[in-house]
Amino acid sequence: MNEPAPLSASLPEARRPMVRLFTYLAPYRGRLALATGASVANKVLDLMPPLLVGWVIDSLRGRPPGWISALAGTRDPWQMAMVLAGLSVVIFFFESLFQWLYQAGFMTLAQRVQHDLRMDVYNRIQSREIAFFEEHRLGEMLAMLNDDVNQLERFLNTGFNEFVQLAVLFAFAFAVMFPLSWQLSLVAVAPVPLILWGSLVYQRRIEPRYRKVRQGVGGLASRLENNIAGIHVIKSFTAEEFETERVRQASAEYQQANFDAIRLSAIYTPLIRMAIVMGFAGVLLIGSYWILNGKGNITVGELVLFAMMTERLLWPLTRLGTTVDDYERAKASARRAFGLLDTAPAIQDPERPELLGRARGEVVFDRVQFRYSRGRADQAVLKGVSFRIAPGETLGIAGATGAGKSTLIKLLLRFYDVSGGAVRIDGHDVRAVTLEDLRRNIALVSQDVYLFHGTIRENITYSSGASLEEVVRAARLAQLHGFVASLPQGYDTLVGERGVKLSGGQRQRLSIARAIVKDAPILILDEATSSVDTETERAIQQNLGTLIAGRTALIIAHRLSTIRHADRILVLRDGEVAEEGHHDDLVAKGGIYADLWQVQSGELVGVGT
């Protein structure tokens, strides 16, 4: 079973990434075997020309292999040449056929794996706990979903086939050359140990450089994403030059990482070529000496075969650097992608979940303690908080910034798990039910409204499939319908990226409408009216009874007027329940809540005068 990893500022990495990649390919083993088999057959047939040329030369010189004269039924050179020409056509036909099969096979396989892996990585990211997103940069995750997955697709499309064909090349060449002359074969392959040693050294030195390249692209993507998302702040602070410099630094780091890899990869092929030519020249020299001196070791045709096969054997090794490059890039990408896939979320469904169904709406916090696991571990955010909300009751929560109000919501939604105590809905510990069962019973309106690029209707119905009538009803309750009706395209109006075409108040009201459409038994309003004007807030408050009718409601507010008519109000201070009661009782008590109310009502009076 996968164990949750501790939070870290860097993304998790797989220890044996390429082994993990081929384990992931198990469901595709049929397609992989077919493409690999076609590649092997293609390479064998591709290596036949040296043999054909050698056979033609010996046949024309009157020394044909026995099987050729037997196949032709004569030792006539012309007849044997015609047989070999026909054989060449057959060989090249099947070579082309198998090339089509392996190229189509690997391309199709690579695309299927790319799609499935991207979806698996996305689903894993989507299933991670909120703390994961708070600790990791968005750009790194986007780079993983795009660059890393695409790099693995390129490796499966071309790089893996290169390794297959190199293996076939060596096996076939040795099978052909050694029976003819083991001495000349040893001369031909003499540079191979040096080439392989050089490749291993190259691999060890290039791997950390490509790891830095992957880190660099993630850092650059994060910087670009942050700057584009924060363009309004950049412009308002006239910080264009400052941000340009920060992007330049991130881009320069990525560029330097690539330069470090390029310097090493560029020198590999020239050095390998010099080693290769020694084997090729040795074959020509020794073979020619044997023929000229009548040693009888090999024929002229066999010498030509040896020379051509040596060239076929050694020259592809000049691409070994590129192939190793592809391998190392894929390894770096697989390390990140499978590192994430193999790390279980810290917040998971229980093995034997209890069934919550549609909740009645009872919420209990039982001596809840909580502290963040990173950054603020020495500071308890909640210290033994206990309270109960009856089904259908409205609870207002007030307190200064940092008192722990929003943390209560995160624990109820199980964005985090409590450090001590328990949170229960209808008697069920939230850790004992599935996340889907829990969260479909809760509708959240957050102060940080996020809208997806699409229409107003699509954002209100978000994943619910609600009818237009339901959308209009929710928009009326949220005081949004009047605005939407004034638009030329009405509910089909595009809101833009993150709702950029709407004002803050309009986005807030749309978020309220979205929560109404969800029709969950528990409604959370977390500073839900913080971005609306006073008149709209008053209208929403007038409809508040309709909004929360039949629901348990938790309303967090800095504006105490928003929770004035709540059934009860909870006042938090330093992670503890400091006061509890109805608005009038708390004001009469003259405590923390009364002080906050007097400050806010006094400010309102000052504005009016």
Practice task
Could you work out how far the C-alpha centroid of the stretch 163-196 sits from that of the stretch 288-355, in angstrom?
Solution key: 15 Å
Handout entry: Gain in span if fully extended, residue 33 to residue 88, counting 0.36 nm per residue against the direct Cα distance
Key = 17.1 nm
Exercise for the section: Treat each spin label as a single point 7 Å out from the Cα along the C-beta direction, and report the residue 417 to residue 494 distance in nm. Expected result: 4.4 nm
Practice task
Run down the aspartates and glutamates and flag those whose C-alpha is under 16 Å from the C-alpha of residue 589, throwing out any fewer than 8 positions away in its chain.
Solution key: 579, 580
Handout entry: Amide H partners (placed H, <5 Å) of residue 578, local residues excluded
Key = 571, 572, 573
Completion exercise
For the stretch 149-166, in residue order, the Karplus 3J(HN,Hα) values (coefficients 6.51, -1.76, 1.60; θ = phi - 60°; whole Hz; Gly and Pro = x) are 5, 5, 5, 5, 4, 5, 5, 5, 6, 10, x, 4, 4, 4, 5, 4, 6, 5
Problem - the stretch 283-426 - percent relative contact order, Cα under 8 Å, separation 6 or more - result: 22 percent
Problem - Amide H contacts under 5 Å for residue 371, placed H, 5+ residues apart - result: 381, 419
Problem - Gap separating the Cα centres of the stretch 561-583 and the stretch 387-453, nearest whole Å - result: 16 Å
Practice task
Just add up the charged neighbours of residue 52: K/R +1, D/E -1, any other residue whose Cβ is under 14 Å from the Cβ of residue 52.
Solution key: -3
Exercise for the section: Give the cross-link partners of residue 212 among the aspartates and glutamates, using a straight C-alpha distance below 18 Å as the criterion and excluding same-chain residues fewer than 8 apart. Expected result: 13, 140, 147, 148, 253, 260, 325, 326, 328
Handout entry: Under the Karplus curve 6.51 cos²θ - 1.76 cosθ + 1.60, θ = phi - 60°, whole-Hz ³J(HN,Hα) for the stretch 104-119, x wherever Gly or Pro sits
Key = 5, x, 5, 5, 5, 4, 4, 5, 5, 5, 4, 5, 5, 5, 4, 5
Exercise for the section: Quote to one decimal, in nm, the extra length available between residue 578 and residue 26 on full extension: 0.36 nm per residue of separation minus the C-alpha distance between them. Expected result: 192.9 nm
Completion exercise
With the label point 7 Å along the Cα-to-beta-carbon line of residue 96 and a cut-off under 15 Å to each amide N, the hits in the stretch 32-46 are 46
Problem - 3J(HN,Hα) from dihedral phi, the stretch 301-317, Karplus parametrisation 6.51/-1.76/1.60, rounded to Hz, x for glycine, proline - result: x, 5, 5, 4, 4, 4, 5, 5, 5, 5, 5, 5, 6, 8, 5, x, 5
Handout entry: Principal-axis tilt of helix 592-608 within the chain, Cα atoms, nearest 10 degrees
Key = 80 degrees
Fill in the blank from the handout: One finds, for residue 75 and residue 277 with R0 = 30 angstrom and r their Cβ-Cβ distance, a FRET efficiency to the nearest 0.05 of 0.20
Handout entry: Difference of contour (0.36 nm per residue) and Cα-Cα distance, residue 134 to residue 585
Key = 158.4 nm
Fill in the blank from the handout: For residue 354, the residues 5 or more places away or on another chain with a placed amide H closer than 5 Å to its own amide H are 433, 434
Exercise for the section: Just grab the label-to-label distance for residue 289 and residue 322, each label 7 Å out from Cα along the Cβ direction, in nm (one decimal). Expected result: 3.6 nm
Completion exercise
Rounded to the nearest 0.05, FRET efficiency between residue 311 and residue 111 (Cβ-Cβ, R0 45 Å) equals 0.85
Practice task
Using DSSP, restrict attention to beta bridges with both residues in the chain and report what percent are antiparallel, rounded to the nearest 5.
Solution key: 50 percent
Handout entry: CD proxy at 222 nm, helix term only [per DSSP H run n ≥ 4: -39500 (n - 2.57); per residue of the chain; nearest 500]
Key = -19500 deg cm²/dmol
Completion exercise
If R0 = 35 Å, then residue 228 and residue 259, at their Cβ-Cβ distance, give a FRET efficiency to the nearest 0.05 of 0.85
Handout entry: Protection-proxy order for peptides 121-134, 379-392, each taking the mean of Cβ atoms within 10 Å per residue, highest first
Key = 379-392, 121-134
Handout entry: Carbon + sulfur, % of accessible area of the chain - ligands and nucleic acids excluded, 1.4 Å
Key = 56 percent
Completion exercise
If each K or R counts +1 and each D or E counts -1, the residues other than residue 433 whose Cβ falls under 12 Å of its Cβ total 0
Exercise for the section: First select every other residue whose beta carbon is under 14 angstrom from the beta carbon of residue 513; then total the charges, Lys and Arg +1, Asp and Glu -1. Expected result: +3
Exercise for the section: Arrange the peptides 145-154, 350-359, 466-475 so that the one whose residues have, on average, the most other Cβ atoms within 10 Å appears first. Expected result: 145-154, 466-475, 350-359
Fill in the blank from the handout: Note on the chain: contact order normalised by length, alpha-carbon pairs under 8 Å, 6 or more apart, percent, works out to 15 percent
Practice task
May I ask you to order 564-573, 590-599 by the average number of other C-beta atoms within 10 Å around their residues, highest value first?
Solution key: 564-573, 590-599
Handout entry: Whole-number accessible area per residue in Å² for the chain, which is evaluated in the context of all protein chains at 1.4 Å
Key = 50 Å²
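The values are calculated or read from the model by the stated rules, or taken from the named source; none is laboratory data. As the structure is a prediction and not an experimental result, all values here were calculated from the model. With ideal geometry, Cβ positions are generated from the backbone for all residues, glycine too; neighbour counts draw on all protein chains shown. We work out accessible area using only protein heavy atoms, side chains counted, and drop any ligands, DNA or RNA first. Shrake-Rupley method; radii C 1.70, N 1.55, O 1.52, S 1.80 Å.
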